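What follows is calculated from the coordinates using simple rules that are stated; it is not laboratory data. Since we're looking at a predicted model, the values are computed, not measured. Methodologically, a virtual Cβ is constructed for each residue, glycine included, from the backbone with ideal geometry; neighbour enumeration extends over all protein chains shown.
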Amino acid sequence: MGHEKSSVVRVSVFSQVFYLMAPLIEGQGVLRLPVQEQQKWTPVDLNDILEGFIRLCKEQKPRGAAFGSFKPVGGKDVYQFTPKEVIRMTELTKEINQGLGSSEEIRFEMCSPEETRNWMKQMRDDSRFKDRPEGKGQDSHRDRPFTFPLGRYLNDDMIDTILEIWQLANEGEMDITTPDLSQILGRDPQGIRQYFKSNRQQFRDLK
């Protein structure tokens, strides 16, 4: 066991974080984030990340090893799970708009990190985030209840982590793509437009 190697899996912010913004997106037709308009970044669907991680562990886990401990493929020590492409905020907002099929165009507004922090604290106590939605519907790409963010888990440390990721986006550190997740899944991870299309009703329910 002393000769076993481990690998690190790095991930971006999950697409599911947008549920916390749904009351603004659906209710006011605006997406407010502390990200500069010209910076490129794109979230990744949590379902794809989980599937990729499970596939990686199953394929590389030595017999008798604990779950989560695996040998890297071809000496690869770090896996970076990214979307297929990263885009600017204006493009991201258009993808969200098309995915939701909104009758009115959703606009993007940059806000301060403190404004986002205060908004997330409001959502933490909002009744819409007290319980998980029921069922998954007919769309196989639709979020399962366990991927829905609950307010009680949105503690200050989690909020800080989300804000730090968006600060990295402002510094250009999220403008990166790798084939790691696509290769492990055997397909491209779900794009942001398809993600919102698959979960359209769940976003509308949070209006």
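Using amide H atoms built 1.01 Å from N in the peptide plane, name the residues 5+ places from Gly172, or on other chains, whose amide H lies under 5 Å from its own.
Those qualifying (amide H under 5 Å, at least 5 residues apart or on another chain) number zero.
Using a Förster distance of 30 angstrom, determine the FRET efficiency expected from the C-beta separation of Gln98 and Lys76, and round it to 0.05.
0.25
Sort Leu24, Leu56 by Cβ crowding within 10 Å, fewest neighbours at the top.
In increasing order of surrounding Cβ atoms, one gets Leu24, Leu56.
For Asp156 and Asp205, compute 0.36 nm times the residue count separating them, minus their Cα-Cα distance, and round to one decimal in nm.
Extra length available between Asp156 and Asp205 comes to 15.1 nm.
What order do you get for Val86, Val30, Val44, Val78 when you list them from fewest to most C-beta neighbours inside 10 Å?
Final ranking by Cβ density, sparse to dense: Val78, Val30, Val86, Val44.
Report ³J(HN,Hα) in whole Hz for each residue of region 198-207, in order, from the Karplus equation J = 6.51 cos²θ - 1.76 cosθ + 1.60 where θ = phi - 60°; Gly and Pro get x.
Using θ = phi - 60°, the values come out as 5, 10, 3, 5, 5, 5, 5, 5, 9, 4 Hz.
If neighbour count is taken as other Cβ atoms inside 10 Å, put Ile87, Ile54, Ile25 in order from fewest to most.
Fewest-to-most ranking of Ile87, Ile54, Ile25: Ile54, Ile87, Ile25.
Taking amide H atoms as placed 1.01 Å from N in the peptide plane, list the residues 5 or more away in sequence, or in a different chain, whose amide H sits under 5 Å from that of Tyr79.
Here Val8, Val9, Arg10 satisfy the definition.
Set the Förster radius R0 to 22 Å, insert the Cβ-Cβ distance between Glu173 and His141 as r into 1/(1 + (r/R0)^6), and round the FRET efficiency to 0.05.
0.20
What are the extents of the Cα atoms of region 8-202 along their three principal axes, in Å, largest first?
Ordered largest first, region 8-202 gives principal extents of 52, 38, 32 Å.
Out of residues 5 or more away from Glu109 or on other chains, whose amide H comes under 5 Å of its own, with H placed 1.01 Å from N in the peptide plane?
Distant-sequence amide H within range of Glu109: Leu31, Arg32, Leu33.
Go through region 88-101 residue by residue and turn each phi into a ³J(HN,Hα) via Karplus (6.51, -1.76, 1.60, θ = phi - 60°); whole Hz please, and just put x for glycine and proline.
Values, residue by residue: 6, 4, 4, 5, 4, 5, 5, 4, 4, 4, 5, x, 7, x Hz.
For region 34-45, what does the Karplus curve 6.51 cos²θ - 1.76 cosθ + 1.60, with θ = phi - 60°, yield as ³J(HN,Hα) per residue in whole Hz, taken in order and with x for Gly and Pro?
Computed from phi, the couplings for region 34-45 are x, 10, 5, 4, 7, 6, 9, 6, 8, x, 10, 5 Hz.
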